[in-house]
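Each remark here refers to the structure printed beneath this line.
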Amino acid sequence: MRVLQHEGEGMGLGGTAKKIQKVADRAEQLYSKLNDVYDQVQQLRESLEETSERVEQLEVENAKQQALVEALAREQGVDVDEVLADLDAETAEAADAGAESEATTADGSGE
């Protein structure tokens, strides 16, 4: 078994040890970054769940308020369906006008 025949052969082991240490250091850095990303994903999940719960609560509250407003409107003789249909028509017209305005601006013919 040859351990070290020449002085130069020992240098290869030192270089290899340095390379292994660099790889180990880099692996540790990547592992740390991976843990950071994992923590961020967990925080996003928690935030998403909280937001989802809030949205559900707001939807329920909105439905209750809508029912109350519609009941009050009917009590005052307002045709709720007609008002909603008019509102939908106005919203559609405004959206069409906005789209036409954007198209005119985009092609330069509106300047």
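Values quoted throughout were computed directly from the atomic coordinates according to the rules given, and no laboratory measurement underlies them. Bear in mind that the values here come from a model prediction, so they are computed numbers and not experimental data. Please note: Cβ atoms are built from the backbone with ideal geometry, for glycine as well, and neighbour counts cover all protein chains shown.
According to a simple spin-label model (label point 7 Å from Cα along Cα-to-Cβ), what is the distance in nm between Ala89 and Leu34?
6.3 nm
Once you place label points 7 Å from the Cα toward the Cβ at Thr51 and Ala97, how far apart are they in nm?
3.3 nm
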